[in-house]
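Asker: Below is a structure I'd like to ask you about.
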Amino acid sequence: MARSIWSYLATAAALLALKATSGGASSYNGLAVTPQMGWDNWNAFGCEVDEELLMNTAQKMVDFGLRDLGYHYVILDDCWSDGRTSNGSLQANAAKFPHGMRYVADQLHSMGLGFGMYSSAGKYTCARYAASLGMEKQDAQTFADWGVDYLKYDNCYNEGQEGTSMLTYNRYKAMSDALVATGRPILYSMCNWGMDYPWNWAQTMANSWRMSGDVYDSFDRPDARCPCTTYDCRLPGFHCSVMNILNKAAPILNKAQPGAWNDLDMLEVGNSGMTDDEYKTHFSMWAIAKSPLIMGTDVTRMTPQTLSIYSNAAILAINQDPLGIPALRVWQSPAQRQNETYSVDAYTASETSFWTGQLNGGDYVAAFVNAGPGPATMMATMNDIFIDQVTTGSNAPVPQLMQTWDVFDLWANRMSDASAQAIIVGNMTMATNATDGSNATSTLPVQTYNATATSYADGLAANDPALLGVKVSTMAPMGTLVAQVPGHGVVVYRLRSQGGAGRRKRDEL
Ligand code: GAL
């Protein structure tokens with residue numbers, strides 16, 4: 001029987017509605033549509049936590065312009081608690097937090113910041129404090145009552161409830177449901193170190209998942225306590241170097257999407273175990289991989305170099321790009337040796353790699369990583385850069401290959417040490433959306449950005465120069481991208497098409 005026009009229209013409308021709800025930037029709870037940013041005490045302070053530390057850090061985040069760059073959450077990690085009250089509710093250690101947690105949340109909120117809290121999907125936290133397995137509903141409600149905006153949820157003492165994706169899923173889903181049931185928007189950050197492949201199943205119930213054992217403040221030092229060099233790992237461990245985590249992340253980065261991110265772990269920038277180039281590489285690669293960017297250093301004692309890395313708005317704009325697509329590793333040389341799960345990561349000694357990712361509005365990010373000890377001249381062809389366009393629907397022409405691209409160096413307008421120092425000693429507040437195109441040798445005004453006033457999406461749409469870096473070259477159709485990359489260093493470019501061979505200017509018609 002022939003279908004009526006109304007039935008076709010109804011089907012078309014249903015498909016359109018499906019398209020409207022299935023694509024685009026959203027998440028199961030509406031949060032972390034771009035990767036979350038903030039600070040966590042663990043990397044720099046471990047268990048030495050108290051109210052004063054959080055308040056002092058928060059104040060400096062505001063004073064240094066870090067809040068306005070997007071570092072929103074102040075996350076209190078392990079060791080804050082003192083067991084449970086007689087009715088079973090978690091309680092704060094009164095010596096460390098004399099005014100209680102509601103007070104901490106209120107203070108942070110009054111400063112325009114969010115409050116992050118920590119527990120574990122186990123009987124105890126990793127430092128053996130009371131944790132939330134079996135207590136999810138009560139603990140989620142306690143956090144909501146305190147005004148918590150973010151939960152980091154660890155994996156210690158899980159009483160054997162792991163080893164299959166379903167066991168781990170169920171354990172983490174219990175807290176996800178409990179948080180949603182409170183009615184308070186609480187960003188949910190899973191910390192199960194990649195066990196049972198969370199990148200395959202966490203998108204519908206968490207905003208991010210750790211994909212590795214704990215980072216430590218080393219660029220590439222092998223450590224027996226972090227034995228795995230691939231994502232397929234039964235002993236995530238800790239003391240994982242930046243290169244170890246980056247290589248483990250490479251094959252799974254495409255599993256991220258708006259609202260659900262691979263978490264490469266908190267940043268070590270500023271903790272003095274790496275060189276400036278190594279920290280730039282760490283920061284850049286976490287950013288373009290679309291990892292949450294959680295500062296892990298003592299903000300109150302930042303050096304100018306540390307502040308200027310965390311404040312690079314041109315790199316942050318890649319991380320916060322509205323499209324939410326992670327950059328991917330296109331090639332690695334020499335090829336990473338497979339099947340050596342327990343080998344030391346000695347292959348990083350001469351390793352170079354090239355990464356690209358699509359950005360909103362047709363731009364691309366391209367990054368050269370040189371993990372070798374000395375400088376390297378690195379090159380990528382247009383076929384490398386647009387590999388996904390070349391290989392997807394490959395019977396169609398690839399317009400990008402025939403276009404001319406402006407190349408913007410995203411570290412060329414790094415804030416000078418003098419400017420950063422002036423901010424640190426309080427002589428200067430951050431300039432809002434400075435537009436002087438200053439470069440690394442310039443001083444004032446500071447080339448940075450205020451994302452509280454103008455979102456990264458709006459700033460990018462308006463071509464704010466603080467977000468674009470410095471144009472250093474153009475790449476002709478079928479051209480090659482070249483970079484001089486220091487040892488243990490990175491070069492990150494934003495590529496913007498001039499319009500392409502097919503699109504002539506009016507006066508050429
Ligand atoms: C680890 C976690 C770290 C930190 C620590 C606290 O399991 O990965 O980021 O939270 O526990 O004990």
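The values are calculated or read from the model by the stated rules, or taken from the named source; none is laboratory data. As the structure is a computational prediction, the values presented were derived from the model and not from experiment. Here the Cβ is made from the backbone with ideal geometry for all residues, glycine too, and neighbour counts use every protein chain on show. The protein model used for the area step is the full one, side chains on, heavy atoms only, and it has no ligands, DNA or RNA in it. Shrake-Rupley method; radii C 1.70, N 1.55, O 1.52, S 1.80 Å.
Asker: Can you sort ARG171, ARG234, ARG301, ARG84 by solvent-accessible area, 1.4 Å probe, largest first?
Answerer: ARG301, ARG234, ARG84, ARG171
Asker: Roughly speaking, what is the stretch gain from VAL482 to ALA418, that is 0.36 nm per residue apart minus the C-alpha to C-alpha distance, in nm to one decimal?
Answerer: Result for the pair: 20.0 nm of gain on full extension.
Asker: A further question on this structure: Relative contact order (percent) for the chain, with alpha-carbon contacts under 8 angstrom and 6 or more residues of separation?
Answerer: 14
Asker: List the cysteines in the chain whose Cβ has no other cysteine Cβ under 4.7 Å from it.
Answerer: CYS191
Asker: Another one. What share of the DSSP beta bridges in the chain is antiparallel, in percent to the nearest 5?
Answerer: Approximately 60 percent, going by the DSSP bridge assignments.
Asker: What accessible area per residue comes out for the chain, rounded to a whole number of Å², with a 1.4 Å probe?
Answerer: 40
Asker: Hey, any idea what % of the chain's accessible area is carbon plus sulfur with a 1.4 Å probe?
Answerer: The C+S portion of the solvent-accessible surface of the chain is 53 percent.
Asker: Can you give the FRET efficiency to the nearest 0.05 for SER272 and ASP177, using r as the Cβ-Cβ distance and R₀ = 45 Å?
Answerer: 0.60
Asker: Continuing with the same structure: In what order, largest first, do ARG414, ARG221, ARG67 sit by accessible area if the probe radius is 1.4 Å?
Answerer: The ordering from most to least exposed comes out as ARG221, ARG67, ARG414.
Asker: Same structure again: Lys and Arg at +1, Asp and Glu at -1: add these up for the other residues within a Cβ distance under 13 Å of GLN358 and post the number.
Answerer: Neighbour charge sum, excluding GLN358 itself: 0.
Asker: Which percent, to the nearest 5, of DSSP beta bridges fully inside the range 36-319 are antiparallel?
Answerer: Counting DSSP beta bridges with both partners in the range 36-319, the antiparallel share is about 15 percent.
Asker: Continuing with this model, one more query. By accessible area of protein heavy atoms, probe 1.4 Å, what ranking do GLU278, GLU162 get, highest first?
Answerer: GLU162, GLU278
Asker: Right, next: Please report the accessible area of VAL369 (heavy atoms, 1.4 Å probe, ligands and nucleic acids excluded) in Å², nearest 10.
Answerer: 0
Asker: Shifting gears a bit: Report the extension gain between LYS471 and ASN395 in nm, rounded to one decimal, defined as 0.36 nm multiplied by the number of residues separating them, less their alpha carbon distance.
Answerer: Contour length minus the Cα-Cα distance gives 24.0 nm.
Asker: Modelling each spin label as a point 7 Å along the Cα-to-Cβ direction, I'd like the MET402/ASP232 distance in nm, to one decimal.
Answerer: 4.2
Asker: Still on this structure: For ASN93, what charge total do you get from the other residues with a beta carbon under 11 Å from its beta carbon, if Lys and Arg give +1 and Asp and Glu give -1?
Answerer: Summing Lys and Arg as +1 and Asp and Glu as -1 gives -2.
Asker: Can you compute the helix-only [θ] at 222 nm over the chain? Use -39500 (n - 2.57) per DSSP H run of at least 4 residues, normalise by all residues, nearest 500 deg cm²/dmol.
Answerer: Helices in the chain give a 222 nm mean residue ellipticity of -8000 deg cm²/dmol.
Asker: Determine the shape class of the range 151-205: with a ≥ b ≥ c the square roots of the Cα gyration tensor eigenvalues, call it rounded for a/c under 1.5, and otherwise prolate if a/b is greater than b/c, oblate otherwise.
Answerer: The shape class here is prolate.
Asker: Just how large is the dipole of the range 36-319 about the Cα centre, in debye to the nearest 20, putting +1 at every Lys and Arg Cβ and -1 at every Asp and Glu Cβ?
Answerer: That gives the range 36-319 a dipole magnitude of about 580 debye.
Asker: Could you point to the residue in ALA144, PRO198, ILE315 farthest towards the positive end of the range 36-319's charge dipole, with +1 and -1 charges on the Cβ of Lys/Arg and Asp/Glu respectively?
Answerer: PRO198
Asker: Let's test the formula: R0 of 41 Å, r as the Cβ-Cβ distance of TYR157 and LEU323. What FRET efficiency results, to the nearest 0.05?
Answerer: 0.60
Asker: A further question on this structure: Calculate, for THR377 and MET55, the FRET efficiency according to 1/(1 + (r/R0)^6) with r their C-beta to C-beta distance and R0 41 Å; round to the nearest 0.05.
Answerer: So, using R0 = 41 Å, E works out to roughly 0.25.
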